[in-house]
1. Of all residues in region 243-264, how many are modelled with pLDDT under 85 and open to solvent by less than 100 Å² (accessible area, probe 1.4 Å)?
2. Could you check, for region 170-183, whether at least one of its residues is closer than 16 Å to Glu58 by Cα and either open to solvent by less than 40 Å² (accessible area, probe 1.4 Å) or at pLDDT 90 or above (or both)?
3. Out of Asp150, Asp166, report the one residue that is outside any helix (DSSP H, G or I), acidic (Asp, Glu) and either over 30 Å from Lys77 (Cβ atoms) or open to solvent by 80 Å² or more (accessible area, probe 1.4 Å) (or both).
4. Determine whether Ala175 is under 30 Å from Ala113 (Cβ atoms), of a type outside the set (Lys, Arg) and assigned to a helix (DSSP H, G or I).
5. Under the condition of being charged (D, E, K, R) and in a strand (DSSP E or B), which residue from region 34-69 is farthest from Ile145 (Cα to Cα)?
6. Out of the residues in region 90-145 meeting the condition of being of a type in the set (Asp, Glu) and either in contact with a helix residue (DSSP H, G or I) (Cβ under 7 Å, 6 or more places away or on another chain) or under 17 Å from Val56 (Cβ atoms) (or both), tell me which one is surrounded by the fewest Cβ atoms within 10 Å (Cβ to Cβ).
7. Quick check on Val56: is it crowded, with 16+ Cβ neighbours inside 10 Å and under 30 Å from Leu14 (Cα atoms)?
8. Which one is modelled with the highest pLDDT, of the residues in region 18-41 that are within 26 Å of Asp97 (Cβ to Cβ) and of a type outside the set (A, V, I, L, M, F, W, C)?
Amino acid sequence: MFGYRVPAPDEAMLISGGRRGLGGAPFRVVTGHGKFVLPIFRKTRFLTLSMCESEVTETCVTRQGISLHVRAVIAFKVGNDHESIINAGQRFLSDQDQMSVLTGRIFAGHLRAIIGSMTVEEIVTERQKLAAEVLDTSKTEMAKIGLIVDSLQIQSIDDGDTGYIDAMSAPHKAAIQRQAQIAQAQATQASVEAEQVAARNQAEYARQTAIVKAEYSAEVERAQAKAAQAGPLAQAHAQQEVLDAQTELALRQSKLRQQQLVAEIVKPAEAEAERIRVLAAAEAQRMKIQAEAAASYDRVALDRMLIDQLPQIVKEAAGGLAGANVNVLNGADGLGEIAAGLVSQGLTILDSVRQNLNGPDSSDGRRPSESSGNGNGNGLLQLHSRKDGKDDDGRVDVD
């Protein structure tokens, strides 16, 4: 709009003409808003409120008489209050670049004064203290010209060719180098130890891997061996089962054969033995009856009959030896003994018959009849030889 002026956010608008400003200033200050300005009757100028920079490079002498080349940078600006704007506007409105030049000169003077009261060690080691003292001493002068300092930085301190700073820093450099060497050695040692640990870990991993591979290979081989043995083992089991079945069959056949032998041999033999026993008992009963009957006949006639039959008995006894297996151990003496035995047995038989005839049944005085021993042949005694019997002295027993 015509006659309406607005300053930028980092500017102050100075309006001259008409009424005076605050405190009798020759202009009015407007910041942050616009203002109607009458043309021709009023004049408008703008003062920057932005940050400015000034660089200071100065040769200073310390309290020890050592020259130092100091380089510093100052960051400043016009104050935001009306008084600072009025002071700066009256001094720098026509040439605002002079603010940096004047600020640098002010700080250079204060910097020389403060460094002159300090030693090189203090300056080098306490830069922040140096900057704070320079700011404190220059604050009043800067406020008079409407400027405020935001920051002061000492960028470099150099003693030129004197070598004082280098000499001062030599012990520290040596200590630092020593520490650096120690740190390097420790780092190297740590690196070597780390490499050794890594090598051990790698070797352990390789060992574990080899063990696992070996176990896996062994397991595979066992499985393969087991698979390879499965066929022969199955065949062996099958053969064992066949053998077991054959053994069981043989046992059953043996039992069956045993039962058959019992049925075919033992039972018939037992039946035959029982038959023979029954027959023998019957024969014995018959002989007893005959003996009892013979006892009733004349003993004299019986004795004569027995005497008459004695040669025949001996003959029959001798004839019974015809089929016997006679082993003669002592030659002619043995044959004589056999003959004597036969005669002795005949006499023994005769004596036995006489004793039977003299039993209690013959006490009644009856004598056997003459016809009792001739019709049916009951009076004849038959001798049976035991073909397989032989006593301990080599003689043949005749039953």
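The values are calculated or read from the model by the stated rules, or taken from the named source; none is laboratory data. Given the structure is predicted, the values throughout are model-derived calculations rather than measurements. Here Cβ is always computed from backbone atoms with ideal geometry, including for glycine, and neighbour counts include all displayed protein chains. When the accessible area is computed, the model is the full protein with side chains, heavy atoms only, and any ligands, DNA or RNA have been set aside. Shrake-Rupley method; radii C 1.70, N 1.55, O 1.52, S 1.80 Å.
1. Final tally of qualifying residues: 4.
2. no
3. After ruling out the rest, the residue left standing is Asp150.
4. no
5. Per the stated criteria, the residue is Lys35.
6. Asp97
7. no
8. Thr31
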